[in-house]
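Nothing in this text is a laboratory measurement; each read-out follows from the coordinates by a stated rule. Keep in mind that what you see is a predicted model, and the values were worked out from it rather than measured. Please note: Cβ atoms are built from the backbone with ideal geometry, for glycine as well, and neighbour counts cover all protein chains shown.
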Amino acid sequence: MQHSGQHIDKIYFIEEREQPYMEKVSWVAKQFKNVVHYVPKRYAFMQADIKFQKKSRRYTIRYQYGIEQSDKTFVFITHNDVLYTGDIIGEMLEQIGTNAGIGQIGQCWNCPASAKGYCNGETYHNYKPSYEEVVALINNTPSPRTSLQFIDKNFPTPLPECRLNEWACMINREIVLKECKPIGDGPLFGLYDIIDLGVGWFRDMNLKGYSFKNYEQNFKHGYWAAGAGYPNQLNAEAYRMAEKAAEHYYHQYFNSQ
């Protein structure tokens, strides 16, 4: 809101039904007048048995409520552990063009292709190895999560670590609704599949011919957590320290009370 408020209509604040360490976060929804606060009927971070025709089931998937409820062409998606340093939404609106999405592409630090220097977030779409080449790559360059079980013999790329990182990205909502279930045949944006959230969606969209713009400016992911927030969520002491750091930042810059 500080940097990009002029571009924002509604904020869909989706509160996950289960919070780490019994935290209370509903106060966040009261900070701005344009907040739509939604809590899914159940916690379903990772699930495969989606009844796509039922809104209540689709809305258990991250971000889906806001994506469907919005009436805008472009939807900006953010995690709660990101510090914004400039007008990221304004720049994304200028740069997204005909792309289906814009944001940091790929968790390249986990990917054997990146380790070999074959591709990155800017060039991933140009990397078109054969299945045999991918097999050799994975066998010769071990990675934390990439294994042959996730590789399609007919369409070996994009590789599993390729995705539009959802902690700070913008998607073309009209394209997404058209291509994803229940209207289309593709997986939902926020579905946790293959090895991480949104990997199946990104793969499906690429195979359908959609393009994405890499963008890595005006934000710092996991600023208070000294890295990604999720690992800190699994460690009570680290989580408390990150929360305290975020609270201090909030009072220092936005709330003097």
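A few points about this structure:
- Prolate/oblate/rounded label for region 1-76 (Cα gyration tensor, a/c 1.5): oblate
- Counting all C-alpha pairs of region 107-160, share separated by more than 19 Å (%): 13
- For E18 and D71, a Förster radius of 45 Å and the Cβ-Cβ distance give a FRET efficiency of 0.95, rounded to the nearest 0.05.
- Cut-off 19 Å (backbone N to label point 7 Å along Cα→Cβ of D9), residues of region 76-92: 76-78, 89-92
- By the count of neighbouring beta-carbon atoms within 10 Å, fewest first, D9, D152 end up ordered D9, D152.
- Stretch gain in nm, segment S56-R42, where the contour uses 0.36 nm per residue and the Cα spacing is subtracted: 4.1 nm
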